[in-house]
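A short worksheet on the structure shown next.
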Amino acid sequence: MPIDRRGFLGRTAATSAGVALTGAAGAVPAAAASPERDGHGHAHGRTRRYAFTVMGTTDLHGNVFNWDYFTDGEFDDKAHNDVGLAKISTLVRRVRAAKGRRNTLLIDAGDTIQGTQLAYYYARVEPITGARGPVHPMALAMNAMGYDAAALGNHEFNYGIPVLRKFERQCDFPLLGANALDAKTMRPAFRPFVIKRMRTPHGRDVRVAVLGLTNPGIAIWDKANVQGKMVFPGLEEQAAKWVPRLRSMGADVVIVSAHSGMSGTSSYGDALPHVENAAALVAERVPGIDAILVGHAHVEVPEYRVVNRETGRPVVLSEPLKWGQRLTLFDFDLVWERGGWRVESVSSKVLNSNAVEEDSAVTRLVRGQHKKVVAYVNQRIGTSTAAMSAAEAPYKDTPVIDFINHVQAETVRAALKGTEYASLPVLSQASCFSRTAAVPAGEVSVRQVAGLYPFENTLEARLLTGAQLREYLEFSARYYVRTPAGGPVDPARLTNAENIPDYNYDVVSGLSYEIDVAKEPGARIGKLLFDGKPLEDSARFVLAVNNYRASGGGNFPHVARARQVWANPEEIRNTIIGWVKAQKVIDVARFSSVDWKLTRDGAPVF
């Protein structure tokens, strides 16, 4: 598909500086009135001021309704958060009513078109790329809400560039990615920025630049989709290139919308070519930025200030909570000095979407698509001979994880037939992605099977030795809190050592082993057997592994550098659904066995 080469040009005629200056949405001129102004907002020889608000969302992940497609009911969590753009839209309307629509902008920091079955359906089941493909539900909702710009997230690339390009064409606002470059020309593959004019009552507009930055990890995590087509240099590097240009083009305010966390770390090991969570580094090292809307980390940060080391000025960062649970507000106060607008102060906060009702204007637009997806996920696709639950999967060998591993290993064995690797034993890794996941005895639906694997991971096969697998398992076993023998064990306090999430604890099928949680991490794996015999260090195996782990996710040893012998672009979740459709029956006795267990000084914990 040809690369969009619009670069930084906007949708209206370009100015002599080479950038389109498009007005903020709305038709009601307004400004923050100072005591020195008359009823028309004109200053009488005194300081001229203007205030405006930028609203921000991030990591929406396909959520329009306050709905959980895996449970087939309203979303709820322990904190009673709500999700979805329909809730956010109500907050946006209220802010616009209070501030004056012309005094607001609405932007997003990425990860928009992946994450729910609603998003999956219109990428894979009834794709928007079809000859008569529908408009993506996220485009419908965001267009109705009047978004001004959205940065690209790494998950935008999960379904391939054609789906992303079609979504881009369906949006009434630009998708920004200054560090998403055409691999051949090294020119921007998407618009790097947009400049919006905020009309003031003083005859001089405020020009607000929004620079979009995405995550460099895309080059690894979605290698199959982007290799040879796009490259993704670091955020700091590209911000240092573009921010001075924006200032030279007359931008009075520069906002960065960055799909990158604040921590300055990378959770994917040495495989990642640039810093994954670089937003705070950008604020510290690149002069000329006033505020950064942060995404990717899925955490709530109402306001965080970083002092730029060159200018000494603070940069305000804010990250609203994922899935439309929060809306960030950046409030800007400007003053007219020496023939130009100067940012006098910036502050930020977040609003909670559980405090409002869904906007019926948005729900009406997407209701038909929502109902279609609800019907799809409730389709009966087979039966199960026994119930399977993930409730105890983090600390017991359970059939539900065995099932995932069984399908993965079987898929890889079939793919390797006739190759030089066909004779090697196939092992498989899987994690507990959701402790609430369950498959009932009897009839099984799409949503129940899909709920076992809520992520868009794909399947790979990598070569590992016995010695490497032992180190892999020792690394995984760090997940358990060191628990001395003798006393009672509380499962709620046994896991998540060092804040390791459930999805970064791997079970490896095809081996049998014990994990002694009374021992120090690094010395916990015992009685490690293959085919009933002690595992040989030199033995070679094929490991069926998801692309997140294979790309360095969780920083597990060896696997990211291991030889890849096969890869599949199909999501593992869809592979499992397809397996159930083909087999008709999930025969639990066929794959369920207890091959690993927790011990303390050799005595079983359970």
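The values are calculated or read from the model by the stated rules, or taken from the named source; none is laboratory data. Fair warning: this is a prediction, and the values are worked out from it, not measured in the lab. Here the Cβ is made from the backbone with ideal geometry for all residues, glycine too, and neighbour counts use every protein chain on show. Remember, those area values only see protein heavy atoms, side chains included, never the ligands or the DNA or RNA. Shrake-Rupley method; radii C 1.70, N 1.55, O 1.52, S 1.80 Å.
Per residue of the stretch 289-305, what does 6.51 cos²θ - 1.76 cosθ + 1.60 with θ = phi - 60° give for ³J(HN,Hα)? Whole Hz please, x for Gly and Pro, Karplus curve as stated.
Per-residue couplings from phi come out as 9, 9, 7, 10, 7, 9, x, 5, 7, 6, 10, 9, 10, x, 7, 9, 10 Hz.
Name the aspartates and glutamates eligible as straight-distance cross-link partners of LYS417: C-alpha to C-alpha under 17 Å, and not fewer than 8 places from it in the same chain.
GLU460
Of all the Cα-Cα pairs you can form in the stretch 313-383, what percent are over 15 Å apart?
Result for the distance tail: 73 percent.
Taking 0.36 nm per intervening residue step and subtracting the Cα-Cα distance, what contour gain separates LYS78 from GLU536 on full extension? All intermediate terms of the calculation are to be shown ahead of the outcome.
Values: separation 458, 0.36 × 458 = 164.88 nm, distance 4.58 nm.
In short, 160.3 nm is gained.
Report, in degrees rounded to the nearest 10, the 0 to 90 angle that the Cα long axis of helix 466-476 makes with the longest principal axis of the chain.
Between helix and principal axis, roughly 50 degrees.
Net charge around GLY295, counting only other residues with Cβ within less than 10 Å of its Cβ (Lys, Arg = +1; Asp, Glu = -1)?
On the way: positive: LYS322; negative: ASP59, ASP108, ASP111, GLU319.
Spelling it out: positives minus negatives among the neighbours equals -3.
On average, how much area does the Cα convex hull of the stretch 203-321 cover when viewed from any direction, in nm²? Don't skip to the answer; put the middle values down first.
On the way: hull surface 34.6 nm².
The Cα convex hull of the stretch 203-321, projected and averaged over all directions, gives 8.7 nm².
In degrees, nearest 10, range 0 to 90: what is the angle between the Cα axis of helix 360-377 and the longest Cα principal axis of the chain?
Relative to the chain, helix 360-377 is tipped by roughly 10 degrees.
Can you give the net charge of the other residues whose Cβ lies under 12 Å from the Cβ of TRP323, counting K and R as +1 and D and E as -1?
-3
Report the Cα centroid-to-centroid distance between the stretch 202-256 and the stretch 138-160 in angstrom, as an integer.
First find each Cα centre; the distance between them is then 16 Å.
For the charge dipole of the stretch 180-234, defined by +1 on Lys and Arg C-beta atoms and -1 on Asp and Glu C-beta atoms about the Cα centroid, which residue among THR185, GLY228, ALA209 has the Cα displaced farthest towards the positive pole?
ALA209
Using alpha-carbon positions, what is the distance between the centroids of the stretch 541-572 and the stretch 384-448, in Å?
16 Å
Alpha carbons only, please: Rg and Dmax for the stretch 469-570, in angstrom.
Taking only Cα atoms of the stretch 469-570, I get Rg and Dmax of 14.9, 48 Å.
With respect to the cross-link table entries LYS196/LYS241; LYS322/LYS349; LYS241/LYS322, which display a Cα-Cα separation exceeding 22 Å?
Correct reply: LYS241/LYS322.
Take every DSSP beta bridge with both residues inside the chain and express the antiparallel ones as a percent of the total, to the nearest 5. Before the final figure, lay out each step's value.
Details: 65 of 100 bridges.
The answer is about 65 percent antiparallel.
Please give the contour-minus-distance gain from GLU126 to ARG482: 0.36 nm per residue of separation, less the Cα-Cα distance, rounded to one decimal in nm.
The GLU126-ARG482 span can extend by a further 123.3 nm.
Rounded to the nearest whole Å², what accessible area per residue is found for the stretch 73-230 with the 1.4 Å probe?
32 Å²
Round to a whole angstrom and tell me the spacing of the C-alpha centers of the stretch 88-130 and the stretch 327-370.
With the stretch 88-130 and the stretch 327-370 each reduced to a Cα centre, they are spaced 13 Å.
With n ≥ 4 as the cut-off for DSSP H runs, can you work out [θ] at 222 nm for the chain, using -39500 (n - 2.57) per run divided by the number of residues, rounded to the nearest 500? If you can, show how the numbers build up before the last one.
Numbers: 15 runs with 139 residues, N = 606.
Rounded to the nearest 500, the figure is -6500 deg cm²/dmol.
In 20 Å bins starting at zero, report the fraction of Cα pairs in the chain per bin as a rounded %.
With 20 Å bins starting at 0, P(r) equals 19, 49, 26, 5, 0.
In degrees, nearest 10, range 0 to 90: what is the angle between the Cα axis of helix 399-416 and the longest Cα principal axis of the chain?
Relative to the chain, helix 399-416 is tipped by roughly 90 degrees.
Ignoring ligands, DNA and RNA, what percent of the 1.4 Å accessible area of the stretch 97-160 is carbon and sulfur?
Accessible surface attributable to carbon and sulfur in the stretch 97-160 totals 47 percent.
May I ask for the Kirkwood hydrodynamic radius of the stretch 382-469, worked out over all distinct Cα pairs and given in angstroms to one decimal?
Evaluated on the stretch 382-469, it is 14.5 Å.
Return P(r) of the stretch 78-130 (all Cα-Cα pairs; 5 Å bins starting at 0; whole %; ordered from short to long distances).
4, 14, 16, 17, 17, 14, 11, 6, 1
May I ask you to derive the FRET efficiency for SER389 and SER423 from their Cβ-Cβ distance with R0 = 35 Å, giving the value to the nearest 0.05?
With a Förster radius of 35 Å, E is 0.45.
Once you compute Rg and the Kirkwood Rh from C-alpha atoms, what is the Rg to Rh ratio for the stretch 137-224? Please list the in-between numbers first.
On the way: Rg = 15.0 Å, Rh = 14.4 Å.
Radius of gyration over Kirkwood radius for the stretch 137-224 works out to 1.05.
What are the extents of the Cα atoms of the stretch 44-148 along their three principal axes, listed from largest to smallest and rounded to whole Å?
Principal extents (Cα only, largest first): 63, 41, 19 Å.
Just to check I understand the Karplus step: with θ = phi - 60° and J = 6.51 cos²θ - 1.76 cosθ + 1.60, what whole-Hz values come out for the stretch 180-186, glycine and proline as x?
Computed from phi, the couplings for the stretch 180-186 are 10, 10, 5, 5, 8, 8, 6 Hz.
Work out from phi, with θ = phi - 60° and the Karplus expression 6.51 cos²θ - 1.76 cosθ + 1.60, the ³J(HN,Hα) of each residue of the stretch 317-329, listed in order in whole Hz, and give x for Gly and Pro.
10, 8, 10, x, 5, 4, 6, x, 7, 9, 10, 7, 10
Within a Cβ distance under 13 Å of GLN114, other residues only, what is the Lys/Arg minus Asp/Glu net charge?
Values: positive: ARG124, LYS322, ARG573; negative: ASP59, ASP111, GLU156, ASP222, GLU456, GLU571.
Here the count lands on -3.
If you project the alpha carbons of the stretch 422-532 onto the principal axes, what extent comes out on each, in Å, largest first?
43, 40, 25
Ignoring GluC sites (Glu not before Pro) that are buried or in helix or strand per DSSP, and keeping those with at most 13 other beta carbon atoms within 10 Å, what is the longest stretch of the chain between them?
Longest gap between qualifying sites, sites excluded: 37-309.
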